[in-house]
Protein chains: 2
Amino acid sequence: MSPAAPAYRRLSVEERRSQLLEAALSLFAHRVPEDVSLDDVAEAAGVSRPLVYRYFPGGKQQLYEAALRTAADELRHCFDEPHEGPPFPRLARALDRYLTFVARHDAGFSALLQGGSVVETSRTTAIVDGVRRAAAEHIYSHLDVAEPGPRLRMTVRMWITAVEAASLIWLDEDKQPPAEELRDWLVDQFVAFLSVTAARDAQTAELVRGALAAET
Amino acid sequence: MSPAAPAYRRLSVEERRSQLLEAALSLFAHRVPEDVSLDDVAEAAGVSRPLVYRYFPGGKQQLYEAALRTAADELRHCFDEPHEGPPFPRLARALDRYLTFVARHDAGFSALLQGGSVVETSRTTAIVDGVRRAAAEHIYSHLDVAEPGPRLRMTVRMWITAVEAASLIWLDEDKQPPAEELRDWLVDQFVAFLSVTAARDAQTAELVRGALAAET
C-alpha cells in the first residue's frame with residue numbers, strides 16, 4: 001500500500017470488523033434478516049465474500065448476532081443521561097435518542113422485536129432482554145430508587161414494553177406521529193402509569209411526589 | 001370393544017386429537033417446549049407413541065402449533081363479554097378470565113411470549129398476533145368505536161402489550177399480586193392510558209367521557 005493512497009490503506013482487524021458490522025446493520029435496516037446474504041454484506045462494504053467469511057466464519061447467524069450486539073451497545077448509550085435537573089425531562093431526552101435509534105435501524109428493529117425470525121435464538125433474546133434490564137436500571141437510578149419493590153418494577157417493565165410496542169407501530173405507520181409528539185406522549189404515559197401504581201404502593205407514591213415536586 | 005367397558009371405548013378422531021392436545025398443553029404448562037417429547041405426550045395421554053405420530057406426523061413442531069391453536073381459541077373465548085353495562089367492568093371480567101387462562105397455561109404462556117424458543121416460527125408468531133388483534137377488536141367494539149384512529153389504536157395496542165408484560169412478570173413472581181388486585185390495576189392503567197391519549201386526540205377524549213359517564 002502506498003502512503004499516497006490513504007483511502008486504500010489496510011484497515012486494522014477491529015476497523016474492518018466495525019466496517020462489516022456497519023454495512024450489515026444498514027442492510028438489516030431496510031430488509032428482513034432472511035433477505036440479507038453475506039454476498040450483500042460483502043458488496044455493501046466493498047469487500048470480497050471470503051473476507052466476510054474470514055471475519056464471521058459462523059456465517060450469517062454469527063454476523064447477525066455480532067451486528068445485534070453492536071446495535072445493543074449503541075442503544076445502551078441512548079440511555080446515558082446526566083443525573084441533573086428534574087427527572088421527566090431527562091426521560092424525554094433519552095427517549096429522543098431512543099427514537100432516533102429506532103428510526104435509523106427501522107426494519108432491523110422491527111424484525112428483531114416482532115419475533116419468529118429465522119435468526120432469532122435464545123442468544124438474541126438474551127441480548128434484547130439485557131437492553132431492557134439496562135433501561136429499567138437507568139429509570140430506577142434516575143428516580144433515585146435503590147431497591148425497587150415488586151409493584152414499581154412491574155410498572156417500569158410494563159411501560160418499557162409499551163414503549164417497544166409504540167416504536168413498532170410508529171415504524172409501521174411511517175413514523176407518525178412526529179417523534180417529538182410521540183416522545184411527550186410516552187413521557188405522559190409513564191407519569192400516568194406511575195400515578196396509577198402510586199395509589200397502591202407507598203414507594204411509588206413517594207417517588208411520584210418527589211419527581212413532580214422537582215418539575216416545578 | 002364391549003359396550004360394558006365404556007371407559008375404554010374407542011375415541012373418535014376428533015376426541016382423540018383433543019385428548020392429545022390437552023395432554024400436550026398440560027405438559028407445556030409446566031416445562032419449556034424444548035423439554036417436552038412426544039414420548040411424554042404419549043405417556044401423559046396414556047397412549048402409544050406411534051398413535052401420537054399418527055395424529056401429528058410432523059412431530060413435535062406440528063403438535064406444538066396445534067396445541068397453540070387450541071390455546072389461542074380458548075383465549076379468544078376469554079374476551080367474549082356481553083355488551084351490557086358500563087365498559088370498564090366488562091374489561092375487568094374479561095381480564096379475570098384472561099388471568100385464569102394465564103395461570104393455567106403458566107410456563108407454556110411464558111415460553112411462547114418470551115421468544116427465542118426453538119418451536120417459535122413465523123406461524124406461531126402469526127397465531128399470537130391474531131389473538132392480539134382479536135383483543136384489540138373486542139376493546140374497540142366495547143368502546144363503541146367503529147373506526148379507531150391511529151392514536152387510539154396505538155394506545156390500545158400499547159396497553160395490550162403492557163398486559164402481556166405484566167402477565168409474564170406475574171407468573172415469574174408466583175402470581176403476586178393476587179389476580180383481583182392485578183386485574184384492577186390493569187383496568188386503572190387502561191383508563192389512565194386512555195386519558196393521556198384523550199389530551200391529544202378528540203376521538204379518544206369523546207369515548208373516555210362516554211365511558212366514565214356510564215360508570216356513574
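The values are calculated or read from the model by the stated rules, or taken from the named source; none is laboratory data. Computed from a predicted structure; not experimentally measured. No Cβ is skipped: glycine too gets one built from the backbone with ideal geometry, and neighbour counts run over all protein chains shown.
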Practice problem: Spot the failing condition for A:Glu181; the list is (1) more than 14 Å from the chain's Cα centre (by Cα); (2) under 20 Å from A:Ser26 (Cα atoms), and only one is missed. | Solution: (2)
Practice problem: Considering each of B:Asp106, B:Asp40 in turn, give the residue that is free of Cβ contacts under 8 Å to residues at least 24 places away in the same chain and charged (D, E, K, R). | Solution: B:Asp40
Exercise. Say whether the condition of being modelled with pLDDT of 95 or more, surrounded by 15 or more Cβ atoms within 10 Å (Cβ to Cβ) and touching a Gly at 6+ places or on another chain (Cβ under 7 Å) is met by at least one residue in segment B:198-205.
Key: yes
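Residue-wise test of (1) touching a residue at least 24 places away in the same chain (Cβ under 8 Å); (2) of a type in the set (Gly, Ala, Ser).
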residue	(1), (2)
A:Ala162	yes, yes
A:Ser167	yes, yes
A:Lys175	yes, no
A:Ala179	yes, yes
A:Gln189	yes, no
A:Ser195	no, yes
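Residues are listed down the side, and each one gets a yes or a no for (1) surrounded by fewer than 19 Cβ atoms within 10 Å (Cβ to Cβ); (2) closer than 25 Å to B:Leu152 by Cβ; (3) modelled with pLDDT under 95:
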site: B:Val32; (1), (2), (3): yes, no, yes
site: B:Asp40; (1), (2), (3): yes, no, no
site: B:Gln62; (1), (2), (3): yes, no, yes
site: B:Ala71; (1), (2), (3): no, no, yes
site: B:Pro82; (1), (2), (3): yes, yes, no
site: B:Val102; (1), (2), (3): no, no, no
site: B:Ala111; (1), (2), (3): no, no, yes
site: B:Val118; (1), (2), (3): yes, no, yes
site: B:Thr124; (1), (2), (3): no, no, yes
Quiz item: Looking at (1) surrounded by 18 or more Cβ atoms within 10 Å (Cβ to Cβ); (2) more than 14 Å from every other protein chain (Cβ to nearest Cβ), which is the one condition that is false for A:Gly58?
Solution: (1)
Self-check item: Odd one out for A:Val208 among (1) more than 25 Å from the chain's Cα centre (by Cα); (2) surrounded by 21 or more Cβ atoms within 10 Å (Cβ to Cβ)
Solution: (2)
Quiz item: Out of B:Leu68, B:Leu20, B:Leu63, which single residue is closer than 30 Å to B:Gln176 by Cβ and touching a helix residue (DSSP H, G or I) at 6+ places or on another chain (Cβ under 8 Å)?
Solution: B:Leu68
Exercise. Report those helices (runs of 4 or more DSSP H) wholly inside segment B:97-216 carrying at least 2 residues which are away from chain A (no Cβ under 13 Å).
Key: B:122-142, B:202-215
